[in-house]
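Shown next, in structure tokens, is the structure this report addresses.
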Amino acid sequence: MKTKLINLALLTCVLVILFSCENEINEIKDIQITGINLLETNVILEVDSSLALNINIEPENYSKSQINWISTDTTVAKVSNVGVVHGIQPGVLSIIVKSEQGYSDTCKVNVVRISIYETNDDIDFGGECIALDKKNNIWYGGRGLYKMESESWEQVQFPYETFVTAMDFDSENNLWAATGIGLLKFDGQMWYNYNTDYSDISLYGLNSIAIDNDDNVWVGINKDFGGRGVAKFDGLTWQIYNTEDGLIHGLVFNMVSDQTNNIWFATPEGVSMFDGTTWTSYATGEALDIEIDLDNNVWFTSVWAGVYKSNTNMINYNTSNSSIISDVIQSIGIDVNGDILFAYPRGLTKLSGNEWINYSYDDVGLHNIRSIAVDNKGTKWLGSPSRIFKLED
């Protein structure tokens with residue numbers, strides 16, 4: 001009898017416990033989510049990497065079964081049922097978290113693939129000059145000359161003991177190189193030295209180059225590091241322009257031709273524009289780089305002041321009025337989609353329409369980028385003094 005009473009008591013306890021648990025479960029199920037907030041709204045994620053998104057949900061004792069995580073493109077990235085995102089291939093997508101009650105929030109995810117090419121026993125980059133030819137091939141110049149062939153860098157025959165500081169290609173895809181010994185041309189078979197063999201002026205110490213719409217070659221003359229202007233070569237004759245003609249400073253870091261064939265020059269004191277007759281200058285401070293976007297806007301850097309955009313008026317973007325990472329911008333690039341790229345000592349920013357997308361050093365490790373080239377697939381090739389970054393987004 002005593003044993004039966006004990007068993008009955010135990011059974012009663014078990015039933016009470018089960019009933020209590022069921023009530024607690026029902027109470028949890030009855031707790032309604034009243035708000036969802038993702039702490040990240042825009043993230044960069046490398047291919048084959050994972051990232052846990054942080055979320056605030058009210059109330060705190062909600063049931064996890066009440067929320068769903070959704071990837072808008074599972075070929076680019078997938079998301080687990082607890083908000084861990086895994087990158088699969090380069091692309092852009094959104095991760096959406098949604099409750100049964102209809103509350104939701106979204107995080108934009110940019111999945112990127114970064115490949116790094118470094119100096120080894122066969123390749124000594126040691127420069128910072130990178131360029132795209134008319135056939136969509138990538139070239140790199142420094143202590144030698146290299147061309148990307150079948151996903152690897154191949155050294156190009158270069159019979160000179162000099163440093164390649166800048167490159168450009170004419171309408172016939174001839175390579176023109178600014179070097180320490182003068183202007184060099186490579187037609188794919190032979191090299192021509194326009195300092196000693198084909199010109200009657202001294203062009204030692206060239207540091208920048210641009211080819212205009214008429215195939216005239218412009219070079220910056222960096223004699224004794226002080227600069228003495230620019231030289232224009234039309235295939236037969238040379239003409240030199242300097243501060244006496246209207247150039248704002250004799251040292252030209254970079255130059256570019258716009259869609260109407262005006263030539264723009266970046267110098268230590270700002271930028272100058274030459275339309276073939278008249279010089280116009282803007283004293284905006286030291287400009288390291290200058291580029292023309294697809295709408296013929298001129299973009300140029302200003303050390304410690306960010307970047308300027310010029311067309312009908314002048315606009316300055318800096319850390320106080322935009323989302324750029326730093327006011328020190330070393331290089332500018334233009335994407336095939338019209339996006340503008342800004343490279344810093346640590347990181348990269350892409351301006352896509354009105355959206356600023358930052359690739360910080362901590363996120364992806366990009367640093368010390370001095371030149372940018374974008375191929376027709378949208379792949380970004382980023383040149384630095386010791387390595388090359390290939391960015392696919």
Tyr361 to Asn337: extension gain in nm, 0.36 nm per residue of separation minus the Cα-Cα distance? 6.3 nm
Across all Cα atoms of the stretch 36-110, Rg and the largest Cα-Cα distance (Dmax), in Å, are 12.0, 37
Each label point is 7 Å from the Cα along the Cα-to-Cβ direction; what then is the distance between the points at Asn136 and Ile96, in nm? 3.4
Would you mind telling me the antiparallel percentage of the DSSP bridges in the chain, rounded to 5? 95
Just in the stretch 230-332: which chymotrypsin sites (Phe, Trp or Tyr not before Pro) are loop by DSSP and have at most 13 other Cβ atoms within 10 Å? Trp304
Which number comes out as Rg/Rh for the chain once both Rg and the Kirkwood Rh are worked out on C-alpha atoms? 1.22
Of the listed pairs Lys108/Lys390; Lys147/Lys185; Lys78/Lys108; Lys309/Lys377; Lys185/Lys377, which have alpha-carbon separations greater than 18 Å here? Lys108/Lys390; Lys309/Lys377; Lys185/Lys377
Using a Cα-Cα cut-off of under 12 Å, which aspartates and glutamates could be cross-linked to Lys134, ignoring same-chain neighbours fewer than 8 residues away? Asp168, Asp170, Glu172, Asp375
What full-extension length gain, to one decimal in nm, is calculated for Ile181 and Gln155 as 0.36 nm per residue of separation minus the Cα-Cα distance? 7.4 nm
With labels modelled as points extended 7 Å from the Cα through the Cβ direction, what inter-label distance (nm, one decimal) is found for Gln259 paired with Glu60? 5.7
Set the Förster radius R0 to 30 Å, insert the Cβ-Cβ distance between Lys377 and Asn213 as r into 1/(1 + (r/R0)^6), and round the FRET efficiency to 0.05. 0.75
Which aspartates and glutamates, on any chain, are close to Lys350 with Cα under 15 Å apart, when same-chain ones fewer than 8 places away are left out? Glu291, Asp293, Asp327, Asp335, Asp339, Asp363, Glu392, Asp393
HN-Hα J couplings of the stretch 149-164 from phi, Karplus 6.51/-1.76/1.60, θ = phi - 60°, integer Hz, Gly and Pro as x? 10, 6, 6, 9, 8, 10, 6, 8, 3, 9, x, 10, 9, 7, 10, 8
Please list 3J(HN,Hα) in residue order for the stretch 350-364, calculated via the Karplus relation 6.51 cos²θ - 1.76 cosθ + 1.60 where θ = phi - 60°; whole Hz, with x for glycine and proline. 10, 9, 10, x, 9, 9, 9, 10, 9, 9, 6, 4, 5, 6, 10
Centroid-to-centroid separation of the stretch 84-117 and the stretch 219-259 [C-alpha atoms, Å]: 47
Extension gain from Tyr204 to Met190, taking 0.36 nm per residue of separation minus the Cα-Cα distance: 3.0 nm
Helix 2-30 axis, angle to the chain major axis (alpha carbon atoms, nearest 10°): 40
FRET E, pair Ser352, Asn313, Förster distance 25 Å, beta-carbon r, rounded to 0.05: 0.70
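No value in this document is a laboratory result; all are computed from the given coordinates. Treat the numbers as computed from the prediction; the structure is a model and nothing was measured. For neighbour counting, all protein chains shown are included, and Cβ atoms are generated from backbone atoms with ideal geometry for every residue, glycine included.
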